[in-house]
Amino acid sequence: MKYTETKLSGCFILEPVVFEDERGYFFESYNENRLAAILGYNPHFVQDNQSKSQYGVVRGLHMQAGDHAQAKLVRVLEGSVLDVAVDVRPGSPTYGQHVAVELSAENKKQLFVPRGFLHGFSVLSEHAVFAYKCDNKYNKEAEDGVHPLDKLLAVDWQIPAEKMILSQKDKEAQNFTALSDKL
């Protein structure tokens, strides 16, 4: 497995070795020991999630706060997304900075998003099936987030504004300053 640490410490792009022939392909999408060697610790994943969304959907920016924080290993099973991770770890030298990586069924890349990050994605293809592992269970009371179009974060979701589809929750989400004041 090839891996690259992003500009945000602990956030990695993972690329599997793919074996292809006339029958199709095979690759190892997850190996506990290899991931632990890359990260320097072994995240214990306790929950897998999957969603399907249409072009223009922007989901995020979300996080679980406090003791319910989650690290995620994310990938795309069908289609293509722009996956975004924002560092909100207090005291981090990259606090408030983000990375954006295209994940697709074709490129088979994954992104490891550590605890202490906001996370979201936009759907670039006609539809996308998005899957991710979490190292902590979801807790509604610990849910937090920031409006995906927050001007301070200035994420380019690669979707024209008039074509973006946001949930009501994301439309009403707080700005980055309000989240920062709580952390």
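The values are calculated or read from the model by the stated rules, or taken from the named source; none is laboratory data. Fair warning: this is a prediction, and the values are worked out from it, not measured in the lab. Neighbour counts are summed over all protein chains in view; Cβ atoms, including those assigned to glycine, are modelled from backbone coordinates with ideal geometry.
May I ask you to say which residue of A85, A36, A65, A69 is over 26 Å from N175 (Cα atoms) and hydrophobic (A, V, I, L, M, F, W, C)?
That would be A36, the only listed residue that is over 26 Å from N175 (Cα atoms) and hydrophobic (A, V, I, L, M, F, W, C).
Any chance you could count how many residues in segment 88-117 are hydrophobic (A, V, I, L, M, F, W, C) and touching a helix residue (DSSP H, G or I) at 6+ places or on another chain (Cβ under 8 Å)? Outline the logic, then answer.
Just the residues of segment 88-117 that are hydrophobic (A, V, I, L, M, F, W, C), to begin with: 88, 99-101, 103, 105, 111-113, 117.
Filter again for touching a helix residue (DSSP H, G or I) at 6+ places or on another chain (Cβ under 8 Å), leaving 88, 112.
Of the residues in that region, 2 qualify.
With the checklist (1) within 24 Å of L166 (Cβ to Cβ); (2) at pLDDT below 95; (3) of a type in the set (V, I, T) in hand, flag the one item V17 doesn't pass.
With respect to (1) within 24 Å of L166 (Cβ to Cβ); (2) at pLDDT below 95; (3) of a type in the set (V, I, T), V17 is out only on (1).
Just checking: which of the strands (runs of 3 or more DSSP E) contained wholly in segment 78-183 hold 1 or more residues that are among the acidic types (D, E) and within 16 Å of the chain's Cα centre (by Cα)? Give the steps one after another, and end with the answer.
Values: elements: 80-87, 98-104, 110-113, 117-123, 127-134, 143-145.
Fully inside segment 78-183 and qualifying: 80-87, 98-104, 143-145.
Here is a list: Y25, Y41. Which entry is among the aromatic types (F, W, Y), free of Cβ contacts under 8 Å to residues at least 60 places away in the same chain and out of contact with any Phe, Trp or Tyr (no Cβ under 9 Å at 6 or more places or on another chain)? If you could, list the steps in order and put the result at the bottom.
Values: Y25 fails: out of contact with any Phe, Trp or Tyr (no Cβ under 9 Å at 6 or more places or on another chain).
Of Y25, Y41, the one residue that is among the aromatic types (F, W, Y), free of Cβ contacts under 8 Å to residues at least 60 places away in the same chain and out of contact with any Phe, Trp or Tyr (no Cβ under 9 Å at 6 or more places or on another chain) is Y41.
Give Y95, Y132, Y138 a once-over and let me know the one that is surrounded by fewer than 14 Cβ atoms within 10 Å (Cβ to Cβ) and closer than 18 Å to A69 by Cβ.
On the way: Y95 fails: surrounded by fewer than 14 Cβ atoms within 10 Å (Cβ to Cβ); Y132 fails: surrounded by fewer than 14 Cβ atoms within 10 Å (Cβ to Cβ).
None of the others qualify; the one that does is Y138.
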